[in-house]
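The values are calculated or read from the model by the stated rules, or taken from the named source; none is laboratory data. The model shown is predicted, which means the values in this text are computed figures rather than measured ones. Reconstructed Cβ throughout: ideal geometry from the backbone, glycine too, with neighbour counts over all protein chains shown. Each accessible area value is taken on the protein alone, full model and side chains, heavy atoms only, with ligands, DNA and RNA left out. Shrake-Rupley method; radii C 1.70, N 1.55, O 1.52, S 1.80 Å.
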Amino acid sequence: MAKDDKKDGWKEFFWNPRTREFCGRTAGSWGLILLFYLAFYIFLAGLFTLTMYVMLQTLDDYKPTYQDRLATPGMMIRPKGDELELAYTMQYTETWERYVQALNNFLTLYTDSIQAQKNIECKRDQYFIQEDSGTLKNYPKRSCQFNRTILGNCSGNDLSYGYDLGQPCIIIKLNRVIGLLPGKDSSAPFITCGGKTDDSDKLGELQYYPPDGSFNLMYYPYYGKKSQVNYSQPLVAIKFLNITRNVDVNVECRINANNIPEGTERDKFAGRVSFKLRINSIN
């Protein structure tokens, strides 16, 4: 009997024919509570929509309203290989042709003819500042030409970029930071590379392109992807002329500027980039 009573109790909870209650509530009670939650969620949706609308009114499509500008911009290399390790054997084309292809792809937009079509020739050694005129927005902003021929023997005039001779080219770029002015007193930031720890004697002679290894001031400031649609990041190429063969060589390249602080050990890409280079030879 107790079991039957329990079963009847559950049935009566779901539907009580005497009081006409479903799950303990009448139709009117269910209607009121559903109406309350409907109004409550409509209010929440409206509040969220209003908040998003007000927030979006404070945003500029071309320039960040608030920006925690990086004190030290990051750096990266091309080609970057697997986990910043480049290893190949000079005599085996298949081991280095992917690096050459990566460089070709990366430098395509820097072809002189393409740069001449999209960008302008700028005055060197000074910032290319393009202010707005009152409420009139100066968009799109112009960009300075960076022709790949500036990279000399690492521009692609040597179709193998020196990889077949064991004199590979590595290209370095400084990450984009909106509004960054990376030098003062007309002193452009420049790149220096060296061997890490015990590898300095294995590095050999380096050749920089442009010769001073600098990022000219005319490519700064950067105004953003939408404001400066044709912007071409300046590059520095390093050619390793006589690096030690058949061993791992750890290389570190740094940015040197009189107003960019050095990076910290917590971020290995802040103002520097480290990579491993191994050139094998079967001779």
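Give me the residue from the stretch 211-223 that is more than 19 Å from the chain's Cα centre (by Cα) and farther than 18 Å from residue 152 by Cβ and, out of that set, surrounded by the fewest Cβ atoms within 10 Å (Cβ to Cβ). Ranking the qualifying residues of the stretch 211-223, first place goes to 218. Go through the stretch 15-120 and tell me which helices (runs of 4 or more DSSP H), entirely inside it, have 1 or more residues that are at pLDDT 95 or above, more than 30 Å from residue 135 (Cβ to Cβ) and in contact with a helix residue (DSSP H, G or I) (Cβ under 8 Å, 6 or more places away or on another chain). It comes to 93-107, 112-118. Among the residues of the stretch 151-163, those identified as at negative phi and either assigned to a loop (DSSP other than H, G, I, E, B) or buried (at least 18 other Cβ atoms within 10 Å of the Cβ) (or both) are 151, 154, 155, 157, 158, 159, 160, 163. Candidates are the residues of the stretch 107-119 that are hydrophobic (A, V, I, L, M, F, W, C) and open to solvent by less than 50 Å² (accessible area, probe 1.4 Å); the one that is farthest from residue 84 (Cα to Cα) is 114.
Restricting 148, 124, 142 to those that are open to solvent by 90 Å² or more (accessible area, probe 1.4 Å) and closer than 25 Å to residue 192 by Cβ reduces the list to 124. Each residue in the stretch 182-195 was checked for being open to solvent by 20 Å² or more (accessible area, probe 1.4 Å), assigned to a loop (DSSP other than H, G, I, E, B) and closer than 15 Å to residue 73 by Cβ, and 1 of them qualify. Among the numbered conditions (1) under 24 Å from residue 253 (Cβ atoms); (2) free of Cβ contacts under 8 Å to residues at least 24 places away in the same chain, the only one that residue 55 does not meet is (1). Can you spot a residue in the stretch 91-105 that is under 24 Å from residue 252 (Cβ atoms), open to solvent by 50 Å² or more (accessible area, probe 1.4 Å) and without any contact (Cβ under 8 Å) to a residue 40 or more places away in the chain? Checked against the condition, which is being under 24 Å from residue 252 (Cβ atoms), open to solvent by 50 Å² or more (accessible area, probe 1.4 Å) and without any contact (Cβ under 8 Å) to a residue 40 or more places away in the chain, the stretch 91-105 yields at least one hit.
Matching residues to (1) open to solvent by 70 Å² or more (accessible area, probe 1.4 Å); (2) on the phi < 0 side of the Ramachandran plot:
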position: 197; (1), (2): yes, no
position: 206; (1), (2): no, yes
position: 225; (1), (2): yes, yes
position: 232; (1), (2): no, yes
position: 242; (1), (2): yes, yes
position: 277; (1), (2): no, yes
position: 280; (1), (2): no, yes
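In the stretch 60-75, the residues that are over 19 Å from residue 229 (Cβ atoms) form Cβ pairs under 6 Å with partners that are in a loop (DSSP other than H, G, I, E, B) and at pLDDT below 70, at six or more places apart or across chains, as follows: 72/263.
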